[in-house]
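Worksheet: one structure, shown below.
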């Protein structure tokens, strides 16, 4: 897999198929990117588990926090890594001990480890590196353009406004 470029179909396929997400390195600090990505994923209908040993047993937004991936009481479809690239090999080892294995390992912006990615892919796990699921979801759903950001996509499709939190998204609830 070429991790320098991802097709939109690959990313949207992941975001459409995943239902449960473990956010490794989730923060309870509401100004940290890991907090608002966790919150955004919950708002989009994903079931999210936070992984942060210093906050285990407490809630981060609406997600219960666990000390490690092995402590999560049910299978997860995707592991989203909010840790330094140097921490990825150890996290990959923990992921490979999960039963069942997740479908996807997603590494956040600036997080990349090609050797760990190759090892995960050998076990049939899809890998995304140096990307943010919140940004990709917003870009692919054209929701991000409402915030004045050029998504690179032009459409004459008028968004359907719904009551409450807007979800123009690629997922259907």
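Nearest 5 is fine: what % of DSSP beta bridges in segment 8-133 come out antiparallel, could you say?
Counting only bridges with both partners in segment 8-133, antiparallel ones make up about 10 percent.
Starting from the Kirkwood Rh over alpha-carbon pairs, what translational D in µm² s⁻¹ does segment 8-133 have by Stokes-Einstein at 37 °C and 0.692 mPa s?
231 µm²/s
Using 0.36 nm times the number of residues separating residue 86 and residue 47, minus their current alpha carbon distance, what extension gain do you get?
11.3 nm
Throughout, read-outs are computed from the coordinates displayed, never taken from laboratory work. Remember, predicted model here, so these are calculated numbers, not experimental data.
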